[in-house]
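Engineer: Have a look at this one.
The values are calculated or read from the model by the stated rules, or taken from the named source; none is laboratory data. As the structure is a prediction and not an experimental result, all values here were calculated from the model. Please note: Cβ atoms are built from the backbone with ideal geometry, for glycine as well, and neighbour counts cover all protein chains shown. To get the accessible areas, we keep the full protein, side chains included, count just its heavy atoms, and leave off ligands, DNA and RNA. Shrake-Rupley method; radii C 1.70, N 1.55, O 1.52, S 1.80 Å.
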Amino acid sequence: MTSKITIAIDGFSSTGKSTIAKQLAKELGYIYVDTGAMYRAVTLYAMLQNYVSEKHFDIVDLTADLSNISLSFTFNETLGFAEMFLNGKNVEKEIRTIEVSKLVSKVAAISEVRKKLVNEQQEMGKNKGIVMDGRDIGTVVFPDAELKLFMTASADKRAKRRYKELIDRGDKVNYEEILHNVQERDRIDSTREDSPLIKADDAIEFDNSDMGLQEQFERIMSLVNDKL
Ligand code: DC
């Protein structure tokens, strides 16, 4: 029997990390964890409690309340992936709105938030057989992962993908707003003090601006097979 490995996928927002991670997990029979969903769920909680808005941020109150935030994933057979639950409630749709996207980088920069989520992520991956995507998976969460990928694509391509996703599900958004959000998150995620988004030395970089999904999947599967 081949032993299971850990696959860490990092990169800028909307680089197609989750699409490839889901495909790999399905092919390998591994668990897939979208860590961005966890930061988004904490952000949604902070918004509902009025700890954060575009105008203010009560970091002290949010930090003091972190122990009341319970996050879990439940696999949805129909959708083929695990949905995010916040304190027992399915929040998969709410966490993908532009309002959450606008505030999530601020919340994700808080060290106490990162400490809580990194602990939970390490726990989920302790038996390997996991594909995890995020910003600090290869650098902080699983520095010993057998395979690390770092995904990139131009900001314009990424904003177009995100725009299409939101329009397809019926949200009213404009392209300029999405592009600005993508660029602003890149800036905050890469320059924050705690666990900034950087490529791990041993990560393999993938620019998929002009690469089809199938070609990307095949190339990455061959990297996986080399490790197994
Ligand atoms: O992958 P995403 O766009 O859903 O992630 C949302 C935000 O969460 C992203 O802008 C930065 C933050 N994030 C993070 O700081 N660390 C992670 N491991 C995953 C996401």
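Engineer: Taking 0.36 nm per intervening residue step and subtracting the Cα-Cα distance, what contour gain separates LEU66 from ASP207 on full extension?
Structural biologist: On the way: separation 141, 0.36 × 141 = 50.76 nm, distance 3.60 nm.
Between LEU66 and ASP207, full extension yields 47.2 nm more.
Engineer: May I ask you to evaluate 6.51 cos²θ - 1.76 cosθ + 1.60, the Karplus curve with θ = phi - 60°, for each residue of the range 164-175 and list the ³J(HN,Hα) values in order in whole Hz, giving x for glycine and proline?
Structural biologist: With coefficients 6.51, -1.76 and 1.60, one gets 4, 4, 5, 5, 4, 8, x, 6, 9, 9, 10, 4 Hz.
Engineer: In addition: Just want the answer: with Cβ charges of +1 for Lys and Arg and -1 for Asp and Glu, which residue in ASN90, MET132, LEU103 is farthest toward the dipole's positive end in the range 89-151?
Structural biologist: LEU103
Engineer: Find, to one decimal place in angstroms, the Kirkwood hydrodynamic radius of the chain, where the mean of 1/r is taken over every pair of different Cα atoms and then inverted.
Structural biologist: Working: mean 1/r = 0.0556 Å⁻¹.
Evaluated on the chain, it is 18.0 Å.
Engineer: Jot down the radius of gyration and Dmax of the range 81-211, Cα atoms only, both in angstrom.
Structural biologist: That works out to 15.7, 43 Å for Rg and Dmax.
Engineer: With a sphere of radius 10 Å drawn around the Cβ of ILE110, what net charge do the other residues whose Cβ falls strictly inside it have (Lys, Arg +1; Asp, Glu -1)? Let's see the in-between values first.
Structural biologist: On the way: positive: LYS106, ARG114, LYS115, LYS116, ARG192; negative: GLU112, ASP194.
Combined, the nearby Lys, Arg, Asp and Glu give +3.
Engineer: With Cβ to Cβ distances under 15 Å as the rule, what net charge do the other residues near ASP202 carry (K, R +1; D, E -1)?
Structural biologist: Working: positive: LYS148, LYS199, LYS227; negative: ASP10, ASP136, ASP144, GLU146, ASP201, GLU205, ASP226.
Around ASP202, the surrounding residues sum to -4.
Engineer: Quick one: which of LYS22/LYS93; LYS116/LYS160; LYS22/LYS126; LYS89/LYS126 span more than 21 angstrom between C-alpha atoms?
Structural biologist: LYS116/LYS160; LYS89/LYS126
Engineer: Test of understanding: what is the full-extension gain from MET221 to GLU165, defined as 0.36 nm times their sequence separation minus their Cα-Cα distance?
Structural biologist: Numbers: separation 56, 0.36 × 56 = 20.16 nm, distance 2.54 nm.
Answer, rounded to one decimal: 17.6 nm.
Engineer: Please find, in a Gaussian network model of the chain (springs between Cα atoms separated by less than 10 Å), the residue of GLY80, GLY170, GLY11 whose mean-square fluctuation is greatest.
Structural biologist: Of GLY80, GLY170, GLY11, the Gaussian network model singles out GLY170 as fluctuating most.
Engineer: Helix-only mean residue ellipticity at 222 nm, the chain, DSSP H runs n ≥ 4 weighted -39,500 (n - 2.57), per residue, nearest 500. What is it? Before the final figure, lay out each step's value.
Structural biologist: On the way: 8 runs with 104 residues, N = 228.
Counting only the DSSP helices, I get -14500 deg cm²/dmol.
Engineer: Once you charge only the Cβ atoms, +1 for Lys and Arg and -1 for Asp and Glu, what is the size of the charge dipole of the chain about its Cα centre, to the nearest 20 debye?
Structural biologist: Details: 32 positive and 38 negative charges, 58 e Å.
The calculated dipole for the chain is roughly 280 debye.
Engineer: Report, by chain and number, residues whose modeled amide H sits under 5 Å from the one on ASP207, excluding near sequence neighbours (fewer than 5 apart, same chain).
Structural biologist: Amide H neighbours of ASP207: THR152.
Engineer: Amide H of LEU147: which non-local residues (sequence gap of 5 or more, or other chain) have their own amide H closer than 5 Å, using H built in the peptide plane?
Structural biologist: THR6, ALA8
Engineer: Another question, if that's okay. May I ask you to derive the relative contact order of the chain, considering only C-alpha pairs under 8 Å and at least 6 residues apart, and to give it as an integer percent? Show your work: numbers first, answer last.
Structural biologist: Details: 329 pairs, mean separation 75.2, N = 228.
Taking the mean separation of contacting Cα pairs over the length of the chain, I get 33 percent.
Engineer: Would you kindly derive the ³J(HN,Hα) couplings of the range 5-18 from the backbone phi angles with the Karplus curve 6.51 cos²θ - 1.76 cosθ + 1.60 (θ = phi - 60°), listing them in order in whole Hz, with x for Gly and Pro?
Structural biologist: Going residue by residue, I get 10, 10, 10, 10, 10, 10, x, 5, 5, 6, 9, x, 4, 5 Hz, with x marking Gly and Pro.
Engineer: What is the sum of charges around ASP65, taking Lys and Arg as +1, Asp and Glu as -1, for the other residues whose C-beta is under 14 Å from the C-beta of ASP65? Can you show the working numbers first?
Structural biologist: Values: positive: LYS116; negative: ASP58, ASP61, GLU112.
Once positives and negatives cancel, what remains is -2.
Engineer: For the chain, which whole-number percentage of the solvent-accessible area (1.4 Å probe, protein heavy atoms only) is attributable to carbon and sulfur atoms? Intermediate results must be reported in sequence, preceding the final value.
Structural biologist: Details: 5760 of 11310 Å².
Roughly 51 percent, rounded to a whole number.
Engineer: P(r) tail for the range 58-147, what percent of Cα pairs lie past 15 Å? Don't skip to the end; give the middle numbers.
Structural biologist: Values: 2764 of 4005 pairs.
Tail of the P(r) past 15 Å holds 69 percent of the pairs.
Engineer: In sequence order, what are the phi-derived ³J(HN,Hα) couplings for the range 44-59 according to the Karplus relation 6.51 cos²θ - 1.76 cosθ + 1.60 with θ = phi - 60°, rounded to whole Hz, with x for glycine and proline?
Structural biologist: Coupling constants for the range 44-59: 4, 4, 4, 5, 5, 8, 6, 7, 9, 8, 5, 9, 9, 8, 8, 5 Hz.
Engineer: Where only protein heavy atoms count, and the probe is 1.4 Å, what is the accessible area per residue for the chain in Å²? Before the final figure, lay out the partial values.
Structural biologist: Numbers: 11310 Å² over 228 residues.
Roughly 50 Å² per residue, with all protein chains present.
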